[in-house]
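Asks: Dropping the structure in here first, questions after.
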Amino acid sequence: MKLLLDMYKSVPKDQRDKVQLMSAEKKARQEIDDLKSQVKSLQETERKERRKLAEDDAIKKIKRLEEQVSSLTKSLTAQKQEEVALLSEMEVTGQAFEDMQEQNIRLIQQLREKDDANFKLMSERIKSNQIHKLLKEEKDVFAEQVTTLHAQVEAQNQVVRALEEKERILQNNLTTVEKEANLRQQAGELHRRKAMEAAQTAADLKLHLDKYQSQLREAQLLVQEKTSSLEQDSFKHRRIEEEVAMLRKKLERHKKIELAGGADEVLMEEIREYKEQLTCPSCKVKRKNAVLTKCFHVFCIDCLKTRYETRQRKCPKCNAGFGANDYHRIYLA
């Protein structure tokens with residue numbers, strides 16, 4: 001019930017009037033139905049009483065009842081009129097309620113449009129504020145750029161002044177350089193004359209140099225011939241010394257044979273000498289199996305290879321130079 005009262009309070013006044021009219025209409029219809037049922041009951045009772053009662057009291061009662069029925073019919077007609085009036089009022093109030101609803105809808109639509117317009121205005125205002133802020137920032141940036149440009153212009157002016165000063169100094173230097181160039185030109189002419197004289201002397205010296213070179217070549221040829229002859233003489237001398245050494249060894253061997261009592265000792269000594277002759281005189285370990293074609297001394301092939309690879313390319317006995325094709329292997333049977 002409380003909930004219904006709260007709902008009734010929350011309903012607008014027009015709706016309340018409409019609800020009251022509808023409730024009043026329902027009550028009037030209910031009363032009409034009650035009255036109709038009473039009239040029917042009274043008619044039935046009247047019929048019964050007419051049948052039962054034939055007396056005057058019954059007639060009086062019937063008259064009273066007829067009066068009641070007439071009064072009830074009058075009240076019924078009045079109720080019907082009230083009902084019609086209420087229905088007409090309900091129609092009017094319903095029409096007014098519909099008009100009010102349409103008006104409310106229009107007002108709500110207008111409010112929405114105003115809200116949209118206000119929202120658009122707010123968004124435009126925010127955009128304009130942002131644009132104003134950006135323009136202000138751009139203005140500050142341009143102001144900073146203008147200050148930097150002024151500073152740059154001032155610096156450029158200072159550079160121009162410095163360049164003008166340098167230009168004056170360079171002009172002064174140019175005049176001095178022109179004077180120096182004239183002096184150098186004069187000195188260059190003197191140097192050219194001296195160079196020509198030097199070229200003449202150089203040509204004379206070249207002629208003398210050619211003479212001296214030809215004489216030097218002749219002297220070198222003579223030196224080469226003498227050195228080759230000296231080498232041949234030294235080679236012959238070494239050969240003779242080797243032959244003398246061999247003869248001395250033979251002489252010593254013969255002396256030993258004469259002094260020694262038995263022939264076995266002499267043979268053992270000769271075998272030892274022959275072994276020494278067959279072993280390499282450089283390493284004194286391996287047998288002789290290679291010969292140098294320059295001096296015909298015999299060594300082992302390993303000693304000659306090691307001397308060639310270590311760039312000690314001279315004979316261990318006579319120091320004669322040899323190359324890669326100057327030593328060959330031999331096979332002693």
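Asks: Just tell me which aspartates and glutamates come within less than 20 Å, Cα to Cα, of LYS314; anything on the same chain fewer than 8 places away is out.
Replies: List returned: GLU231, ASP233, GLU241, GLU242, ASP302, ASP326.
Asks: Another question, then. At 1.4 Å probe size, with the rest of the protein present, what percent of the exposed accessible area of the chain is carbon and sulfur atoms?
Replies: The nonpolar share, carbon plus sulfur, comes to 56 percent.
Asks: Also: Calculate how large, on average over all directions, the projected area of the Cα convex hull of the stretch 110-225 is; give the answer in nm² to one decimal.
Replies: 23.3 nm²
Asks: I've got another one for you. Under the 0.36 nm per residue contour assumption, what length would be gained going from the current alpha-carbon distance of GLN109 and ILE271 to full extension?
Replies: Residue separation times 0.36 nm, minus the Cα-Cα distance, leaves 43.8 nm.
Asks: Another question, if that's okay. Once both axes come from the Cα atoms, what is the angle between helix 56-259 and the longest principal axis of the chain, in degrees from 0 to 90, rounded to 10?
Replies: 0 degrees
Asks: Return the single residue from ARG193, ARG125, ARG64 with maximal mean-square fluctuation; model: Gaussian network over the chain, springs between Cα atoms under 10 Å.
Replies: Largest GNM mean-square fluctuation: ARG64.
Asks: Heavy-atom accessible area per residue, the stretch 122-207, 1.4 Å probe: how many Å²?
Replies: Ligands and nucleic acids excluded, the result is 94 Å² per residue.
Asks: With 27 Å as the limit, write out which pairs from LYS226/LYS288; LYS36/LYS61; LYS40/LYS63; LYS249/LYS317 have Cα-Cα distances beyond it, or answer none.
Replies: Too far apart for the 27 Å limit: LYS226/LYS288.
Asks: Output the 0 to 90 degree angle, nearest 10, between the alpha-carbon long axis of helix 13-52 and the longest principal axis computed from the alpha carbons of the chain.
Replies: Its long axis makes an angle of about 40 degrees.
Asks: How big is the accessible area of PHE142 in square angstrom, nearest 10, if you roll a 1.4 angstrom probe over the protein chains?
Replies: Rounded to the nearest 10, that gives 120 Å².
Asks: In terms of modelled amide H atoms, which long-range or inter-chain residues lie less than 5 Å from the amide H of LYS286?
Replies: CYS280
Asks: Can you compute the modelled spin-label distance between LYS317 and MET122, with each label point 7 Å from Cα toward Cβ, in nm?
Replies: 12.5 nm
Asks: At LEU170 and ARG329, where each label point lies 7 Å from the Cα along Cα→Cβ, what is the point-to-point distance in nanometres?
Replies: Label-label distance for LEU170 and ARG329, simple model: 8.2 nm.
Asks: How high is the FRET efficiency between HIS237 and LYS294 when r is their beta carbon distance and R₀ equals 22 Å, given to the nearest 0.05?
Replies: In this case the efficiency is close to 0.90.
Asks: Related question: Using only the Cα atoms of the chain, what are the Rg and Dmax in Å?
Replies: Gyration radius and largest Cα-Cα distance of the chain: 78.9, 223 Å.
Asks: With angles folded into 0 to 90 degrees, how steeply does helix 263-278 sit against the dominant principal axis of the chain? Use alpha carbons for both and round to 10.
Replies: With rounding to tens, the tilt is 50 degrees.
Asks: Still on this structure, please answer the following. If one puts a single equal scatterer on every Cα of the stretch 33-104 and applies the Debye formula without solvent, what log₁₀ I(q)/I(0) results at q = 0.16, 0.24 Å⁻¹?
Replies: So the normalised log intensities work out to -0.67, -1.00.
The values are calculated or read from the model by the stated rules, or taken from the named source; none is laboratory data. All values reported here derive from a predicted model rather than from experimental measurement. Cβ: placed from backbone, ideal geometry, glycine included. Neighbour counts: every protein chain shown. Quick note on the areas: whole protein, heavy atoms, side chains included, nothing else; ligands and nucleic acids left out. Shrake-Rupley method; radii C 1.70, N 1.55, O 1.52, S 1.80 Å.
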